[in-house]
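Contents: one structure, followed by commentary.
We did not get these values from a lab; they are worked out from the coordinates using the rules stated. Small disclaimer: the values here were computed from a predicted structure and weren't measured. A quick note on method: Cβ atoms are made from the backbone with ideal geometry, for glycine too, and the neighbour counts reach across all protein chains shown.
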Amino acid sequence: MAESWFDELAELVRIPSVSADPAHTDDVRAAAEWLAAFVRGAGGEAEVVPTDTQPLIIGDLQASNGSAPTVLVYGHVDVQPPDPLELWESDPFSLEERDGWLYGRGVADDKGQLYVLVKAAAELAAAGELPVNVRVTCDAEEETGGHQIVDFLAADVRGADAAVIFDSGMTSRGVPEFNVATRGLVYFHLVVRTGSRDLHSGVYGGSALNALHALNEMLTAVLARDGVLPEPLRAGITPPTEEEIAAWAELVPGAEMLAEAGARNAYPRADEDFYLRTTAEPALDVNGIAGGSPVLQKTVLPVTAEANLSIRLAPGQDVDTIAAALEQLLRAAAPEGAELELTRLSSAAPGLTPPEAPAVQRGLEAFERTFGRRPLLVRSGGTLPIVPALADKGIPTIITGFALPESNIHSPNERLLAEYVPLGIETAKELYKELAKI
């Protein structure tokens with residue numbers, strides 16, 4: 001591939017910056033250093049700021065001609081673990097182009113998309129045509145739910161006129177989307193104890209309390225019925241607007257989304273309710289259970305069971321309110337004699353972006369010029385801790401991106417359409433030009 005951007009992006013993808021794995025701590029910092037060096041190479045200033053967890057990348061690239069609005073650019077340089085490695089068709093940390101797709105861990109989430117934003121700014125600066133001040137405010141722990149970037153923003157008194165995040169996607173090729181809301185997240189670890197040691201199931205089974213049974217009873221009390229969570233877990237939902245609901249009809253039908261993912265309906269109407277359930281409603285998932293002997297044949301009655309559980313919060317919901325409601329439901333469902341230890345591992349609030357904000361409207365114009373159609377205004381089912389932090393600072397945010405459902409984000413063979421890199425760069429240039437008018 002002859003495009004100059006390929007080698008640059010390949011350098012960034014080559015760094016195995018897996019923030020969840022302590023063995024890759026140096027790699028995470030290396031990715032942060034790469035981004036800072038890129039900004040400096042474009043004529044800006046940038047530094048890697050150590051934190052208690054993973055580093056931040058903070059920098060500025062000044063507008064080419066005098067006073068101009070400031071656009072905050074956010075992205076993350078950390079990536080998901082690549083395993084299971086045997087399912088990759090190529091080295092996950094070696095960027096490869098096949099059949100019009102770029103393959104590599106982080107190429108869609110989020111190294112490739114962040115690269116598009118900074119590359120566009122660099123090219124405009126090199127031509128003496130950068131119309132806005134670009135403030136790079138990025139982190140290296142988004143994949144582990146970190147909050148260093150949130151804390152940084154809370155303490156940063158400079159503010160910005162707008163923010164741009166390319167860490168999302170579109171459900172159909174050529175149909176861009178702006179996310180006007182993101183869901184929040186509360187992640188818990190549960191430990192249930194029902195005795196001091198595991199027991200012989202032949203001697204004690206049917207009489208002694210089984211920790212796995214107790215855990216299942218508790219989880220049953222908080223799971224959805226026909227897609228709807230118990231009322232205490234639905235408190236505070238901001239319903240979608242009529243415009244958002246109308247936009248769902250232009251997206252890939254829910255049945256196709258589920259089928260392409262190899263998924264099955266959670267309840268009979270799940271495909272019809274797909275966008276409601278995945279973007280505008282809270283969702284609870286049990287992410288893993290451990291206890292007893294799930295592999296080897298062992299007639300044991302376990303007295304300890306553990307689970308990871310997460311709730312995606314709908315826009316409008318409060319983290320602490322929902323966390324307290326979950327704990328109350330779990331404890332109320334615990335059978336007598338079961339002890340529950342509940343630990344909140346991480347949390348992030350949901351976010352809302354007013355679609356009528358001038359920055360968002362300017363962004364729609366920019367995308368329409370390069371894509372040939374106006375983006376849809378829809379919600380995202382994912383979580384970005386920075387979004388509510390930006391809202392708290394009064395900074396209107398454009399949340400969009402170029403990933404597709406088949407981009408395999410968080411899965412083996414992660415990929416991004418190769419054509420979307422140069423198109424993304426041109427779109428980002430138009431976006432900066434439009435934002436100069438706010």
> Once amide H atoms are placed 1.01 Å from N in the peptide plane, what residues at a sequence separation of 5 or more from Ser380, or on another chain, have their amide H within under 5 Å of its amide H?
Replying inline: Val180, Ala181, Thr182, Arg183
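How many percent of DSSP beta bridges within the chain run antiparallel, rounded to 5? Numbers along the way, then the final one.
Details: 50 of 70 bridges.
The antiparallel proportion sits near 70 percent.
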>> So if I take the centroid of the Cα atoms in the stretch 214-266 and the same for the stretch 147-179, what is the distance between those two points in Å?
In response: 24 Å
> Charges only on Cβ, +1 for Lys and Arg, -1 for Asp and Glu: so what's the dipole of the stretch 180-295 about the Cα centre, in debye to the nearest 20?
Replying inline: 800 debye
> Long-range amide H contacts for Ala270: which residues qualify at under 5 Å (H placed 1.01 Å from N, peptide plane, sequence gap of 5 or more or a different chain)?
Replying inline: none
>> Once each part is reduced to its C-alpha centroid, what is the distance from the stretch 41-64 to the stretch 109-142 in angstrom?
In response: 11 Å
> So what's the back-of-envelope 222 nm ellipticity for the chain, counting only DSSP H runs of four-plus at -39500 (n - 2.57) apiece and dividing by all residues, rounded to 500?
Replying inline: -9000 deg cm²/dmol
> List the aspartates and glutamates whose alpha-carbon lies under 15 Å from that of Lys298, not counting same-chain residues fewer than 8 positions away?
Replying inline: Asp198
> What Kirkwood radius, in Å to one decimal, follows from the Cα pairs of the stretch 168-301?
Replying inline: 18.4 Å
> Could you name the lysines in cross-link range of Lys429, using Cα to Cα under 17 Å and dropping any fewer than eight places away on the same chain?
Replying inline: Lys119, Lys437
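Starting with the highest mean, order 30-41, 229-240 by the number of other Cβ atoms within 10 Å, averaged over the residues of each peptide.
Working: 30-41: 20.5, 229-240: 15.8.
Ranking the peptides 30-41, 229-240 by packing returns 30-41, 229-240.
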> Using the count of nearby Cβ atoms within 10 Å as a rough guide to exposure, how do Val116, Val77, Val164 rank from fewest to most?
Replying inline: Val164, Val116, Val77
> When all C-alpha to C-alpha distances in the stretch 352-427 are sorted into bins of 10 Å, what percent of pairs does each bin hold, rounded to whole numbers?
Replying inline: 16, 41, 36, 7
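From the alpha carbon gyration tensor of the stretch 283-438, can you work out the equivalent ellipsoid semi-axes (sqrt of 5 times each eigenvalue) and give them in Å, largest to smallest?
Numbers: eigenvalues 375, 97, 20 Å².
After diagonalising the Cα gyration tensor, the semi-axes are 43, 22, 10 Å.
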> For the chain, how big is the tail of P(r) above 32 Å, as a whole percent of Cα pairs?
Replying inline: 41 percent
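Roughly how big is the stretch 230-351's charge dipole about its Cα centre, with Cβ charges of +1 (Lys, Arg) and -1 (Asp, Glu), in debye to the nearest 20?
Details: 8 positive and 19 negative charges, 110 e Å.
Approximately 520 debye in magnitude.
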> Does the stretch 30-131 come out rounded, prolate or oblate by the C-alpha gyration tensor, with a ≥ b ≥ c the root eigenvalues, rounded set by a/c under 1.5 and, if not, prolate when a/b is larger than b/c and oblate if not?
Replying inline: oblate
> Rounded, prolate or oblate: which one fits the stretch 119-159, using the alpha carbon gyration tensor with axes a ≥ b ≥ c (rounded when a/c is under 1.5, else prolate when a/b beats b/c, else oblate)?
Replying inline: oblate
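Considering every pair of different Cα atoms, what Kirkwood radius, in Å, is found for the stretch 325-388? Mind showing how you got there, number by number?
Numbers: mean 1/r = 0.0624 Å⁻¹.
Here the Kirkwood hydrodynamic radius works out to 16.0 Å.
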> So what J values fall out for the stretch 143-156 if you push phi through Karplus, 6.51 cos²θ - 1.76 cosθ + 1.60 with θ = phi - 60°, rounded to Hz, Gly and Pro as x?
Replying inline: 6, 10, x, x, 10, 4, 5, 5, 5, 4, 5, 4, 8, 7
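Can you sort Glu368, Glu143 from fewest to most other Cβ atoms within 10 Å of each residue's own Cβ? Write out the running numbers ahead of the final one.
Values: Glu368 14, Glu143 21.
Least crowded to most crowded, the residues run Glu368, Glu143.
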>> Given the options Asn308, Leu416, Ser207, identify the residue whose Cα lies farthest towards the positive end of the charge dipole of the chain (+1 on Cβ of Lys, Arg; -1 on Cβ of Asp, Glu).
In response: Ser207
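Listing Asp60, Asp320 from the residue with the fewest other Cβ atoms within 10 Å to the one with the most, what is the order? Spell out each step's value before the answer.
On the way: Asp60 15, Asp320 11.
Neighbour counts put them in this order, fewest first: Asp320, Asp60.
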>> Given Cβ point charges of +1 (Lys, Arg) and -1 (Asp, Glu) and nothing else, what value in debye, to the nearest 20, does the dipole of the chain about its Cα centre take?
In response: 660 debye
>> Under the rule a/c < 1.5 gives rounded, and otherwise a/b versus b/c splits prolate from oblate, where does the stretch 91-177 land using the Cα gyration tensor?
In response: oblate
